[in-house]
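See structure below.
What follows draws every value from the coordinates through simple rules; no lab data is involved. Not measured: the values here are computed from a predicted model. Every residue, glycine among them, receives a Cβ derived from its backbone with ideal geometry; neighbour counts consider all protein chains shown.
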């Protein structure tokens, strides 16, 4: 004959369970609050160490950072919201209100109200580029370059729908691209100058 054993389940009083649960919740809240103060510092320190070991420096107060690799360097200035990328092949600056580099061709006009957003200094292949916005309309910019480039000794090679102009002068070529600015305020202009291909 088989014997059946019966097991009895004893439940803890409900009050004791709720007290234990309350203590666990309070301890978790305190730990999470402490982690909110400590963990970001630990993670921030580890993150900064990883960045620095990979050639990246970061100034989180100003928003500045720089990245150095074998191919070049990128620097960002958080105060000015602008940056520079340098490689063996050239240098690119980006931001607002930039100045033309001293090596930008003097025989290529830039409108007087230009807000220069990007500048590529002469690269290893001899090209340079400027991207800017102007308050002028697309047609005004197109007409300006169509007339002014010829005045400066350039020969027009091609034009397209008041959006693109191509010129040559000696061993140089120039490409002007005119487009409505992304913010729909004025016109965006890209001027690229390089050796004739």
Prolate/oblate/rounded label for the range 100-160 (Cα gyration tensor, a/c 1.5): oblate
Value of relative contact order over the range 89-195, rounded to a whole percent, pairs C-alpha under 8 Å and six or more apart: 25
Two-site FRET efficiency, residue 151 against residue 88, from Cβ-Cβ distance with R₀ of 35 Å, rounded to 0.05: 0.45
Prolate/oblate/rounded label for the range 89-195 (Cα gyration tensor, a/c 1.5): oblate
